[in-house]
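Structure record follows, encoded as structure tokens.
The values are calculated or read from the model by the stated rules, or taken from the named source; none is laboratory data. Please read all numbers here as calculations on a predicted model, not as lab measurements. Here Cβ is always computed from backbone atoms with ideal geometry, including for glycine, and neighbour counts include all displayed protein chains. Quick note on the areas: whole protein, heavy atoms, side chains included, nothing else; ligands and nucleic acids left out. Shrake-Rupley method; radii C 1.70, N 1.55, O 1.52, S 1.80 Å.
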Amino acid sequence: MRHVSPAMSDATTPAPAATAPVSMDNLVALAKRRGFIFQSSEIYGGFNGFFDYGPLGAELKKNIRDCWWADMVQRRDDVVGIETSIIMHPKVWEASGHVAGFSDPLVDCKVSKQRYRADQLFFSPVVVTAADGVAQTVGYVSALESENTAGELQTAAESFKRKKAIQGTLCPVVAKDLTEAREDEIALIPSPATGEPGSLTAPRAFNMMFQTNVGAMTDGSSVAYLRPETAQGMFVDFKNVVDTGRVKLPFGIAQIGKSFRNEITPRNFIFRSREFEQMEMEYFIHEDADWSKVHEEWIAWCEAWLKSIGLPDSHLSRYAHPKEKLAFYSRGTVDIMFKYPFGVQELWGIAARGSYDLTQHANASGKPQEVFDEATKKKFVPHVIEPAVGVDRIFLAVLCAGYAEEAVTDEKGNTETRTVLRLSPRIAPVKVAVLPLLKNKEVLVARAQALYKKLQRRYAVFYDETAAIGRRYRRQDEIGTPWCVTIDFDTIEKPGDTFTLRDRDTMQQRRVTEAELFALLEEQVY
Ligand code: GAP
């Protein structure tokens, strides 16, 4: 069989109805199997809240960072980028309020030794109305944060009533988180670990900053912190950038870098970890500017950017923090939420922080953080709008949105399941796979190698000559490669030097020249 067409070796008809809902287990398995994400220190049993990115993961993560940097910094005239140190003067964190207040409410279960965040632990009194209409609390039930907390509590309340053989009508549950529990109630709320009451402690503030010591001494004077956010680097360097960067209000300072938080309950894979990467931008505006307009513009910008890297509109929503829950200095915070398989969760926070941070640093350092207004001839402290997002959360979102298992049927009528990662060409770790149809045909291999080397100068590409062509396509589908190029006998024997270009999503094939292939990449990978 000399002239085997690649089209004949690939399944042809995806059955859309067969796309299964994304399961985190399948996603985690794929991430491990194909070298996207490993547990940190896996050979020692792993280390909770820490992850390693494998060869494809490192590439995908870099592409997310590069796209953000290109769009946020290089393609805008009003944003500059910086890179600040991870360990800063400890006074930075005193001034910012992190030493005193960067804490989560921690609850311990004294029996199981499990720790919970009080705001993620829900409870409800079990209230029963007797025949005479008198309502009475007969016990308490608890549930960990999930998409369906109220439903779980209701089921637990019904089971509680049944087990204790309590008569009367069960009232609907009122789900409250444990930070709202009264002291006398805490003793009665069952621990999710044991199912028994009496072992939960009252919530106490747990500071999430990792401490270290700088220098040879390890006394109180040498204490320093791993930064819990990149943002303070931008505030502390504000004057340096203004004095050296030829920037004028309104303008932004952006940074990408690692942040560290000793999360009480790291979970949902890389969603909440203890070492993660942030992409933050502080957009400084005039104190009299219409901050809500600028805030809205940045929310819209962030949404459009997420779509530009392939996140579907259907998975995105907004959550405006209620006024009474805002930090005292915050004027408004809107989170862009993403529909993860474990629920709708925060992806990107866009906060209007007023002049709080610069004022704090001015007061603590004694160095004014003001700019001069030519119009009014007055100095003032700029206000700031801050879009802050985690690279790892975007990484997880693109995996969740892109992952599909679908039934495909080949021309012989055989149906199989193909796993495909529909990643945007902008961020896909491999842009093109170059495949000679047969590995023992020197002429095909030579042409494929020449194309591969040429593509490699500009793009992350993959060369594969092993296995049947259909299997090679499947491997690329699974890692999200948008296109495969097959060098076949038509390439060599027919005029035009064309290749078969196979599209990952449609599995359609067409013939293209080298110039057309480069033009496609130029347009789609930006
Ligand atoms: N400077 C503001 C700030 O850091 P944040 O809401 O605490 O705000 C911003 O964090 C973003 O960083 C979040 O929206 C999320 O994407 C990411 N992030 C925060 N904590 C994280 C964690 N433990 N693991 C992974 N990503 C995290």
Exception for Lys239 within (1) more than 10 Å from the ligand (Cβ to nearest atom); (2) in contact with a Ser or Thr (Cβ under 7 Å, 6 or more places away or on another chain) falls at (2)
Quick count over the stretch 211-234, residues being hydrophobic (A, V, I, L, M, F, W, C), out of contact with any Pro (no Cβ under 8 Å at 6 or more places or on another chain) and open to solvent by less than 60 Å² (accessible area, probe 1.4 Å), is 3
Taking the stretch 341-351 and keeping only residues that are open to solvent by less than 20 Å² (accessible area, probe 1.4 Å), in contact (Cβ under 8 Å) with a residue 40 or more places away in the chain and within 12 Å of the ligand (Cβ to nearest atom), one is left with Leu347, Trp348, Gly349, Ile350
* Asked: So is Asp290 open to solvent by 40 Å² or more (accessible area, probe 1.4 Å), out of contact with any Ser or Thr (no Cβ under 7 Å at 6 or more places or on another chain) and of a type in the set (D, E, K, R) or not?
  -> yes
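Condition check ((1) closer than 20 Å to Gln120 by Cα; (2) at pLDDT below 95; (3) among the aliphatic types (A, V, I, L, M); (4) not in a strand (DSSP E or B)) across all residues:
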position: Ile270; (1), (2), (3), (4): yes, no, yes, yes
position: Phe276; (1), (2), (3), (4): no, no, no, no
position: Lys293; (1), (2), (3), (4): no, no, no, yes
position: Glu303; (1), (2), (3), (4): no, no, no, yes
position: Gly310; (1), (2), (3), (4): no, no, no, yes
position: Ser314; (1), (2), (3), (4): no, no, no, yes
position: Glu346; (1), (2), (3), (4): yes, no, no, no
Taking the stretch 293-311 and keeping only residues that are surrounded by fewer than 18 Cβ atoms within 10 Å (Cβ to Cβ) and closer than 18 Å to Lys61 by Cβ, one is left with Ser308
Picking from Thr513, Thr486, Thr491, Thr498, the residue that is open to solvent by less than 50 Å² (accessible area, probe 1.4 Å), outside the structural domain of Gly57 (by TED's automatic domain parsing) and touching a residue at least 60 places away in the same chain (Cβ under 8 Å) would be Thr486
TODO: Determine whether the stretch 280-294 contains at least one residue that is farther than 22 Å from Lys367 by Cα, under 22 Å from the mean Cα position of the chain (by Cα) and assigned by TED's automatic domain parsing to the domain that holds Thr359.
DONE: yes
Considering the stretch 466-522, residues that are under 20 Å from Glu59 (Cα atoms) and among the β-branched types (Val, Ile, Thr), and then whichever is farthest from the chain's Cα centre (by Cα), we arrive at Thr481
Of the residues in the stretch 248-261, those that are away from the ligand (no atom under 16 Å from the Cβ) and surrounded by fewer than 19 Cβ atoms within 10 Å (Cβ to Cβ) number 3
Exactly one of Lys453, Lys439 is charged (D, E, K, R), open to solvent by 50 Å² or more (accessible area, probe 1.4 Å) and either within 16 Å of the ligand (Cβ to nearest atom) or part of a helix (DSSP H, G or I) (or both), and that residue is Lys453
* Would you be able to say whether some residue in the stretch 352-371 is open to solvent by 60 Å² or more (accessible area, probe 1.4 Å), closer than 25 Å to Arg267 by Cβ, out of contact with any Phe, Trp or Tyr (no Cβ under 7 Å at 6 or more places or on another chain) and not hydrophobic (A, V, I, L, M, F, W, C)? => no
